[in-house]
1. How much length, in nm to one decimal, is gained on full extension between W21 and R73, taken as 0.36 nm per residue of separation minus their Cα-Cα distance?
2. With a point put 7 Å past each Cα toward its Cβ, work out how far Q2 is from F28 in nm, to one decimal.
3. D147: net charge of surrounding residues, Cβ under 15 Å, Lys/Arg +1, Asp/Glu -1, itself excluded?
4. Along the positive direction of the dipole of the chain (beta-carbon charges: Lys, Arg +1; Asp, Glu -1; about the Cα centre), which of A161, L37, W51 reaches farthest?
5. What are the DSSP H helices in the chain that stretch 18 Å or more along their long axis, judged by alpha-carbon atoms, and whose average Kyte-Doolittle hydropathy comes to at least 1.6?
6. Which order do the peptides 22-30, 108-116 come out in when sorted by mean C-beta neighbours inside 10 angstrom, highest first?
7. Kindly rank 53-62, 39-48 from highest to lowest mean number of other beta carbons found within 10 Å of each residue.
8. Might you report the magnitude of the Cβ-based charge dipole of the chain about its Cα centre, with Lys and Arg at +1 and Asp and Glu at -1, to the nearest 20 debye?
Amino acid sequence: MQDLDVALFGLINAGRSVPAWSLSFARFASDVLPALLAVATGIGALLDRRWRRVFFTALVSVVLVWLIVNGVRALFPVQRPGFYGLGIQWVPQGLRPGFPSMHAAGTFAAAFSLWYLPWRTPVVVALAVAAMVAWSRVFLGLHFPSDVLAAAALGALVSFAVDRGISRPLAFTISKSPLVRRWSSRVRRA
């Protein structure tokens with residue numbers, strides 16, 4: 001597995017001859033796209049009640065992913081490619097452990113949270129954004145492909161667990177609340 005990981009990293013990591021625009025795009029994908037996904041989900045939550053549960057699920061999932069990634073890195077510190085002298089690290093990361101990718105895990109957690117919307121377009125767009133973030137982390141030399149693949153799986157699992165274990169039961173409990181029922185009936189009559 002390690003040989004395959006190193007070989008794939010060598011194919012994806014940006015060499016010295018790549019155009020400057022590709023590095024700029026990869027930095028944009030790595031740094032800005034996760035924030036844009038968060039903002040879009042927040043705007044959706046302001047405009048449509050179905051997005052509120054998704055936004056809550058995404059928020060809790062990203063926090064849990066952050067905790068899990070930091071725990072894994074503390075217990076099993078797997079180094080980044082730069083530690084082994086592989087490829088070019090286009091953004092300084094130092095010698096911090098890199099498994100799994102925090103950027104990819106958080107973005108995939110947020111993207112998979114959109115799975116529970118009644119429309120497929122938002123989740124497809126969000127997963128494309130998460131895939132670009134994951135690609136950018138390898139392209140910039142910051143992670144091995146296995147780091148971002150593990151992060152994608154972690155993001156999906158955490159998002160599913162949060163929706164089933166927290167968001168769904170909480171939404172059900174809130175919907176059965178007498179205050180919410182009275183307010184809903186007043187809104188329907190108006």
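1. Details: separation 52, 0.36 × 52 = 18.72 nm, distance 3.19 nm.
Extending this stretch completely gives an extra 15.5 nm.
2. 3.8 nm
3. Taking every Cβ under 15 Å from that of D147, the sum is +3.
4. Sorting the options by dipole projection puts first W51.
5. Details: long enough: 33-47 (21 Å, 2.12); 49-75 (39 Å, 1.06); 121-139 (27 Å, 1.80); 145-162 (26 Å, 1.69).
Long hydrophobic helices here: 33-47, 121-139, 145-162.
6. Values: 22-30: 16.8, 108-116: 26.2.
Peptide ranking by packing, descending: 108-116, 22-30.
7. On the way: 53-62: 23.4, 39-48: 13.9.
For the peptides 53-62, 39-48, the packing ranking is 53-62, 39-48.
8. Details: 19 positive and 6 negative charges, 278 e Å.
Once rounded to the nearest 20, the dipole reads 1340 debye.
The values are calculated or read from the model by the stated rules, or taken from the named source; none is laboratory data. Since the model is a prediction, treat every value here as computed from it, not as a measurement. Please note: Cβ atoms are built from the backbone with ideal geometry, for glycine as well, and neighbour counts cover all protein chains shown. Ligands, DNA and RNA are excluded from the accessible area calculation, which covers all protein heavy atoms including side chains. Shrake-Rupley method; radii C 1.70, N 1.55, O 1.52, S 1.80 Å.
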